[in-house]
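Novice: What follows is a structure written as C-alpha cells; I'll ask about it next.
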Amino acid sequence: MTALAQQNDLQARLAEFGRRHPKIDPKDLVDVVEAIMTSADGDLSSVNLKLYAEIEQLAVYIQRAREEIACLRPDEITAEHIPVAGEELEAVVGATEQATNTIMESVETIEGLTSQMPQEVSEQVVDAVTQVYEACGFQDITGQRIKKVVSTLTQIEEKVHALLGAFGQDGQIEAAKARAAKTEKPKTDDPPSDADLLNGPQMTDNAISQDDIDALLASFD
Amino acid sequence: MSAVDMNMPILIVDDYKTMLRIIRNLLKQLGFDNVDEATDGSMALQKLRDKSYSLVISDWNMEPMSGLQLLKEVRSDGQLSGLPFVMITAESKTENVVAAKQAGVTNYIVKPFNAATLKTKLSAVIGNF
C-alpha cells in the first residue's frame, strides 16, 4: 500500500469512527496515536530487528519440531499402535470373562456335590468354594480398570490426531517419507530372527487353528 | 429379633455378568434363593416397578443409568422410597460414600468384598439370619 493510499484509508477509518462515536473527536484520537508513535519512534527499528530475529528462530524451531514429530511417525500411533493396544485389552477382558465363567461353572458343580459328602468334608469344601467365588471378583475389578486404560488410549489417539492436523498434510507426508527411508532394508534370504518371531497370542479373527498347524507340520514330511 | 424371611425377593444389579453370578452364589450360600438380576439402572427400575422386592443390591458404575441415579429414583418414588438399598461397588472414594449416603443408601460394600462382609452388612440391613 502506498503512503497516499494508507493516508486515505486512515482518514476513512477516522471518519467511520467519528460516525460511530460522535462524542469523541477524531482529532483527539489522532493526537493520541501521534503521541504513541513519537515516543516509540526511537526504538522502533531496533524492536523490529529483534522481532524478526525471534520470528526466524521460531520458524527454525517449528521446522525442527516438525521433523522430529515426523520421525516419531505419529500417523502410525493412531493408525496402528493404539488400535492394536485397544484390541489386546479387549481380548484380555474377553478371555478373563470366559475363564471366570468356566471356573464358576466348575465350582458350582463341586458345590452341588457337597450334599453327598460327609458333613466335615462338605463344610471345608463349601469354604473353599466361597473363596473361589470371592476371588472371581477380579474379573469385574480388572475389567473396570482396563476400561479406564482404553478410554485413556482413546484420548491420546485424539490428541495425536489433533497434532497431525495442526501440522497439516506436510507432516504426514514427511512421516511417510521417514518411514519409507527406515523400512527400506536390504532384502536377504535369512530366516526371521527369534525376536522377530515373538508376537504373543493372536487375535481369534486371524489366529490359525491347531488343525492348520497340524496340516502345516505334515506338509514338511 | 424379628425373623428374617429367607425367601424374600432380592434384586441384584450389575453390568458384569460374572459379578451377578458371584453375588447370586454367595446369597445362595447365605440361604437366599429368590434372586432376580438386572444389568443396569433403568432395567432395575422397571423390575422394581413391576414386582415387589424386599432388598436391592446394586453396583454404581453402569450405563445408561448408574446405581446412584437408580437409588435417587427409588428414594423419590412413593411406592419404593422405603426399600432397603445396598451399594456393592468398586467406587470407594469418600465423595462416593458421602453422595450415596446423602441419596439415602442403606449400606455400602466396597469391591472386592468377601462373603463374611456381605453377611455382616446384610444382617445390619435386614436383621440377623
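The values are calculated or read from the model by the stated rules, or taken from the named source; none is laboratory data. Treat the numbers as computed from the prediction; the structure is a model and nothing was measured. Positions of Cβ are generated from backbone atoms using ideal geometry, with glycine treated the same way; all protein chains shown enter the neighbour counts. Surface accessibility is based on the protein's heavy atoms, side chains included, excluding ligands, DNA and RNA. Shrake-Rupley method; radii C 1.70, N 1.55, O 1.52, S 1.80 Å.
Novice: Give segment B:1-40 a look and list any residue that's open to solvent by less than 40 Å² (accessible area, probe 1.4 Å), touching a residue at least 40 places away in the same chain (Cβ under 8 Å) and of a type in the set (Gly, Ala, Ser), or say none.
Specialist: The answer is B:31, and nothing else.
Novice: Out of the residues in segment B:82-93 that are open to solvent by less than 30 Å² (accessible area, probe 1.4 Å) and within 14 Å of residue B:55 (Cβ to Cβ), which is farthest from the other protein chains (Cβ to nearest Cβ)?
Specialist: Within segment B:82-93, the match that is farthest from the other protein chains (Cβ to nearest Cβ) is B:83.
Novice: Looking at A:123, A:97, A:87, which is the one that is within 42 Å of the chain's Cα centre (by Cα) and surrounded by fewer than 14 Cβ atoms within 10 Å (Cβ to Cβ)?
Specialist: The unique qualifying residue is A:87.
One line per residue, one yes/no per condition, for (1) more than 14 Å from chain B (Cβ to nearest Cβ); (2) touching a Gly at 6+ places or on another chain (Cβ under 9 Å); (3) exposed (fewer than 12 other Cβ atoms within 10 Å of the Cβ):
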| position | (1), (2), (3) |
| --- | --- |
| A:75 | yes, yes, no |
| A:79 | yes, no, no |
| A:113 | yes, no, yes |
| A:142 | no, no, no |
| A:152 | yes, no, yes |
| A:162 | yes, no, yes |
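Novice: Please verify whether residue B:97 is without any contact (Cβ under 8 Å) to a residue 12 or more places away in the chain, outside any loop (DSSP other than H, G, I, E, B) and within 22 Å of residue B:16 (Cα to Cα), treating the condition exactly as stated.
Specialist: Judged against the criteria, residue B:97 is a match.
Novice: A further question on this structure: Looking only at segment B:94-119, which residues are open to solvent by 50 Å² or more (accessible area, probe 1.4 Å) and away from chain A (no Cβ under 14 Å)?
Specialist: Residues satisfying the conditions are B:94, B:95, B:97, B:98, B:101, B:102, B:106.
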